[in-house]
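The values are calculated or read from the model by the stated rules, or taken from the named source; none is laboratory data. Keep in mind that this is a model prediction, so the values were computed, not measured. Cβ coordinates were reconstructed from backbone atoms using ideal geometry, including for glycine residues, and neighbour counts include every protein chain displayed.
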Amino acid sequence: MRQRQVLPDEKFFAEMGAFNEELVKAGVMLEGEGLHPGSKGARVYFRNGEVSVVDGPFTEAKELIAGFWLWQVKSMDEAIEWVKRCPSPEGLVEGQVEIRAAALARNERERTLLLDRAAGCDAR
């Protein structure tokens, strides 16, 4: 996979804005942001007590995160149903959204889910 070099079109941003607004109105979305491409980032590696830093872009990026949401939902099933409604950029060949519960959730009722929207997908 390689990171998309072109931003999605205005239609996608409008659809994503409407989807985010729907999440907010439903009381689901606590936080969310898009991220700059990996070319503007850095990775910090830890190995055998040594620390090294590599500036982007990253040539061996298998998975890249384009943004994140922090949602509060009642169950994993509810989160999955919301994600199924998520807009996808036109021309996206492959993509994914990973869903994970926050580590500090005290119980199922207070579960907050962190969702990473993976990017780096080829648009052909």
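Observations on the structure shown:
- Within the range 64-90, the set of residues being of a type in the set (Asp, Glu) and part of a helix (DSSP H, G or I) comprises Asp77, Glu78, Glu81.
- Every pair of residues 6+ apart whose Cβ atoms lie under 9 Å, when the first sits in the range 61-90 and is in contact (Cβ under 8 Å) with a residue 40 or more places away in the chain and under 20 Å from Phe13 (Cβ atoms) while the second is among the polar types (S, T, N, Q) and in a loop (DSSP other than H, G, I, E, B): Leu64/Gln3; Ala66/Gln3
- Of the residues making up the range 64-114, those that are surrounded by fewer than 16 Cβ atoms within 10 Å (Cβ to Cβ), modelled with pLDDT of 90 or more and within 14 Å of Phe19 (Cβ to Cβ) are Glu81, Lys84, Arg85.
- Residues located in the range 6-42, provided they are farther than 26 Å from Trp71 by Cα and either of a type in the set (Phe, Trp, Tyr) or assigned to a strand (DSSP E or B) (or both): Ala42
- The residues of the range 43-63 that are exposed (fewer than 10 other Cβ atoms within 10 Å of the Cβ) and not in a loop (DSSP other than H, G, I, E, B), listed by number, are Val44, Tyr45, Phe46, Arg47, Glu50, Val51, Ser52, Val53.
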